[in-house]
Amino acid sequence: MYIPTANRKLICKALFKDGVLVAKKDYNAPRHPEINVPNLQVIKAMQSLSSRGYVKSQFSWQHYYYTITDEGIEYLREYLNIPQEVFPATFKKTPRAAPPQFGGRPERESGGFRREPGFRRDHDDYRRRDQDKEGASDNFRPEFRGGFGRGRPQQQ
């Protein structure tokens with residue numbers, strides 16, 4: 001399919017900027033929601049890049065999900081004349097917030113779980129009350145008589 005160069009560059013810029021691209025499987029949609037390009041051209045351009053190994057495609061719930069590969073980054077840098085220092089947003093590491101220095105939970109000197117008087121853990125309720133009673137009683141004698149259920153007929 002013929003895709004104008006201006007539209008192809010818009011698609012590639014959007015892919016390189018985020019590192020991912022999502023397109024709904026609607027070939028008749030007049031425009032892609034994020035890019036001012038027909039949706040069919042976006043799908044076909046990504047299909048072309050996918051066949052060359054520059055993007056990885058995933059289809060789920062009537063949407064195409066495209067993620068750029070390392071080879072795709074190199075190709076788009078060359079195609080769009082982007083310097084080596086620039087990376088897609090998915091490849092950049094976000095700085096994590098430092099843990100708060102004050103406030104939060106106070107340190108305990110014992111370092112373990114704090115037990116208050118009358119406090120019981122949840123799993124204590126599942127323990128048996130009688131530790132010496134184990135299993136069935138001594139006078140328990142089960143009796144199994146055959147002939148009941150779907151087996152052989154009852155004997156008379």
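The values are calculated or read from the model by the stated rules, or taken from the named source; none is laboratory data. Model, not experiment: these values are computed from the prediction. Neighbour counts are summed over all protein chains in view; Cβ atoms, including those assigned to glycine, are modelled from backbone coordinates with ideal geometry. With ligands, DNA and RNA removed, areas are computed over all heavy atoms of the protein, side chains included. Shrake-Rupley method; radii C 1.70, N 1.55, O 1.52, S 1.80 Å.
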Of the conditions (1) out of contact with any Gly (no Cβ under 7 Å at 6 or more places or on another chain); (2) open to solvent by less than 80 Å² (accessible area, probe 1.4 Å), the single one that Gln62 does not satisfy is (2)
Q) Among the residues of region 28-40, is there at least one that is open to solvent by 30 Å² or more (accessible area, probe 1.4 Å) and outside any loop (DSSP other than H, G, I, E, B)? A) yes
Screening Tyr79, Tyr54 for residues that are touching a Cys at 6+ places or on another chain (Cβ under 8 Å), modelled with pLDDT of 75 or more and open to solvent by 40 Å² or more (accessible area, probe 1.4 Å) leaves only Tyr79
Per the list (1) out of contact with any strand residue (DSSP E or B) (no Cβ under 9 Å at 6 or more places or on another chain); (2) without any contact (Cβ under 8 Å) to a residue 24 or more places away in the chain; (3) within 19 Å of Phe91 (Cα to Cα), residue check on Trp61 breaks on (3)
